[in-house]
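Chemist: Encoded as structure tokens, here's the structure I'll be asking about.
Just so it is clear, none of the values below were taken in a lab; they were calculated from the coordinates. Small disclaimer: the values here were computed from a predicted structure and weren't measured. Backbone-built Cβ (ideal geometry, glycine too); neighbour counts: all protein chains shown.
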Amino acid sequence: MDVQQKLTRAFFITFALLMGVGAHYFQHNQGGSGLELAQNNMVWIFFSTLIGIGLWKISEAQKIFYSRLTIVFLIACVLFFIPVFYPNNALAEQSYTRLLGLFAGLLLFVSLQQFQFTRSHIERLLALIVLAGFLQACYSLMQDYLLPADNIFGYDVGFGRPYGIFQQPNVLASFMATTLILAGYLLQKIKNKKLQSFLLLTALLNIWVITVTVSRTAYLGLLIALLLFIPWAWQTNKKKLGVFILALSLGVGFALLKGDALGARNVDNLKEGGVRLDFYKHSLLMIKEKPLMGYGYGGFSRSYLINTAEQVKNNTSKPEIAYLTHPHNDILFWAVEGGIVPIVAILLLVISFLRLLRAFKLAHALALMALVVPIALHTQTEYPLYHSALHWLVLLVLVFYVDYESQTMQSKRFAPTFALRVFALLIPIFCAAFMVTNLYTIAKITQYERSKQPDIRLLMDIVNPLVFADRFDFHLNYFRLTMAQRLDNPEEIQQVIDWTEKTIESTPRSYFYILLYLAYRDNNQAKKAEQLLEYARYLYPLDKQLANVDKAFKPAKSTSTTVPTLSQTLPTGG
């Protein structure tokens, strides 16, 4: 076996381990999105390893394979990066992680293209994605039907909707819908009877899970995908299509046997427009105000908070409860922060993908489009690509597959092999080191915030606080403030005030206002404390902690390393 074959085997083994094991990694955490969720850290370790193998493949062959879509993807990445250099980017550093994720997506796409997979290789790659869907379906059904109230996973059995490893039902449901359609597509392609049985079982379990998640986004995405998929499946093999629809019918039937699968509360949720409509309305108003350059990368949350508070004050909008990090629509998000240029990049990618479909007959083109519809639609109602690294990876593989089927690949000689090999080694090494240390941080932050008497020494063990910088700094400064109260140290209290005032300028979260209010109060700056609290309540009119902070928190008297908990002011997830 030559080096090229070994690299191909290494790629497949890594991909199989990701879909069979890594994507389902569980560790207790406090919720959130991105690297705040434990499983995403594990996915990125495998993600970076796949990139490393792909880059090494280029260096070994001294040739790079690419397509027209590769060039467009590269141009789009450049466009996405342009707003970083706008003059309104005081908070741009808050966008660096998603820009790195975008660039990593380009590298993975290029890496996939280097292996010149055979058709059987491609089908195996896609089948592994279906395997991930099957495992998540099993895990989700276990959550919904088998787990006791006091379980090791911390799943709330009274929640009524499974969320798998993703910790959010809609994110689970869009992944289930994607792997369901992919299972149906592969069923038409694959002749192996055992594999066909596995695909049908996956489809049955996936539709079962989708039904009990009561996800409007998944229902709509799956319906559109099925309508696009069925004409091609009918032309290809009517018998297989019939068995596939039978499996879906059985899955829905099994779900409905559960009495509360579509309970009154869940049906009411389906009927409501939800707060998303308010998010969209406010975001569109912001785009209207600054359509060309936006509010600056990293500035969505701060700008949205201030804009909506002003609208509530003027009685043109109703108050919202949360510090919004994303408007639940990716196009609006990029437009608010970056203006017109990122939207041009998105349009380039969409148009280029649609142009790929011209290489196929209409029915087949629609079936290929169906593969990406559930995730693509979900990006317009929430933020799955930020919530789940697995969604981003799967979307890239599916787009690569469509590109592969269109047969537009070209190649060129690529000489700088030494630099590529350095990056091929460093990217997965640095990524793995960062993710492993962040998993340790998640463990410590979770233990600290779930303790009735949190001990600051837990946080002192953390070596990589970057992802949790806000929470980490908050806890440290609240501890400093508590100790300063106990020791009657006004200089230390003033240092907490100076730090918090600066932090609030870029990150006006409610818990920082609480911290600053307490610091002002304990530093005998009563007037400043009242003015700050009034402004904080103006920004967060529905925040219960802010409503009661002047009554709830009293100076502490003891001298241990534990502090009175203020962790309830921090956002947590399931």
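Chemist: Name the shape class, rounded, prolate or oblate, that the alpha-carbon gyration tensor gives for the range 66-168, where a ≥ b ≥ c are the square roots of its eigenvalues, rounded holds for a/c under 1.5, and otherwise prolate holds if a/b is larger than b/c and oblate otherwise.
Modeler: It is oblate, given that a/c is not under 1.5 and a/b is not larger than b/c.
Chemist: While we're here: Could you tell me what fraction of 2.2 N^0.38 Å the Cα radius of gyration of the range 441-497 comes to, as a two-decimal ratio?
Modeler: 1.18
Chemist: Order by neighbour count: Phe12, Phe103, fewest other Cβ atoms within 10 Å first, most last.
Modeler: Ordered by Cβ neighbours within 10 Å, fewest first: Phe103, Phe12.
Chemist: Amide H to amide H under 5 Å from Lys63: which residues, 5+ apart in sequence or cross-chain, H placed 1.01 Å off N in plane?
Modeler: Amide H neighbours of Lys63: Phe414.
Chemist: Show log10 I(q)/I(0) for the chain at q = 0.08, 0.10, 0.11 Å⁻¹, two decimals, from a solvent-free Debye sum over equal Cα scatterers.
Modeler: -0.60, -0.93, -1.12
Chemist: Moving on to the next point. Arranged from highest to lowest average of other beta-carbon atoms within 10 Å per residue, in what order do the peptides 468-475, 344-351, 147-154 appear?
Modeler: Averaged packing, sorted descending, gives the order 468-475, 344-351, 147-154.
Chemist: Could you run the Karplus curve 6.51 cos²θ - 1.76 cosθ + 1.60 with θ = phi - 60° over the range 9-21 and give me ³J(HN,Hα) per residue in whole Hz, x for Gly and Pro?
Modeler: 5, 4, 4, 5, 4, 4, 5, 5, 5, 5, 6, x, 10
Chemist: Ok, one more. Using label points projected 7 Å from each Cα along Cα→Cβ, tell me how many nm separate Ala359 and Leu17, to one decimal.
Modeler: Those two pseudo-labels are separated by 3.2 nm.
Chemist: I'd like the orientation of helix 216-236 relative to the chain: the angle between its Cα long axis and the longest Cα principal axis, in ° from 0 to 90, rounded to 10.
Modeler: It works out to around 10 degrees.
Chemist: Continuing with the same structure: Using the 10 angstrom Cβ neighbour count as an exposure proxy, how do Lys528, Lys238 rank, fewest first?
Modeler: Lowest to highest Cβ neighbour count: Lys238, Lys528.
Chemist: Note down, for the range 122-267, the three equivalent ellipsoid semi-axes (square root of 5 times each alpha carbon gyration tensor eigenvalue), biggest first, whole angstrom.
Modeler: They are 27, 16, 13 Å, listed largest first.
Chemist: Hey, what's the per residue convex hull volume over the C-alpha atoms of the range 1-154, in cubic angstrom?
Modeler: Spread over its residues, the Cα hull of the range 1-154 gives 149 Å³ apiece.
Chemist: Residue by residue through the range 175-190, which ³J(HN,Hα) values in whole Hz follow from phi under the Karplus form 6.51 cos²θ - 1.76 cosθ + 1.60 (θ = phi - 60°), with glycine and proline marked x?
Modeler: Residue by residue, the range 175-190 yields 5, 4, 5, 5, 6, 5, 5, 5, 4, x, 5, 5, 4, 6, 9, 9 Hz.
Chemist: What angle do you read, to the nearest 10 degrees and between 0 and 90, between the alpha-carbon axis of helix 469-487 and the longest principal axis of the chain?
Modeler: Its long axis makes an angle of about 20 degrees.
Chemist: Work through the residues other than Tyr386 whose Cβ is under 12 Å from its Cβ and net out their charges, Lys, Arg +1 and Asp, Glu -1.
Modeler: My count for the surroundings of Tyr386 gives -2.
Chemist: Would you mind classifying the range 101-144 by shape? Square roots of the alpha carbon gyration tensor eigenvalues, ordered a ≥ b ≥ c; an a/c under 1.5 is rounded, otherwise it is prolate if a/b is larger than b/c and oblate if not.
Modeler: oblate
Chemist: Right, here's the next one. So for Ser140, Ser174, fewest C-beta neighbours within 10 Å to most, what's the order?
Modeler: Ser140, Ser174
Chemist: Of the listed peptides 81-93, 217-229, 34-46, 240-252, what is their order by residue-averaged count of other C-beta atoms within 10 Å, with the highest listed first?
Modeler: Highest to lowest by the protection proxy: 34-46, 217-229, 240-252, 81-93.
Chemist: Could you work out the local net charge near Asp455, counting Lys and Arg as +1, Asp and Glu as -1, over the other residues with Cβ closer than 13 Å to its Cβ?
Modeler: +2
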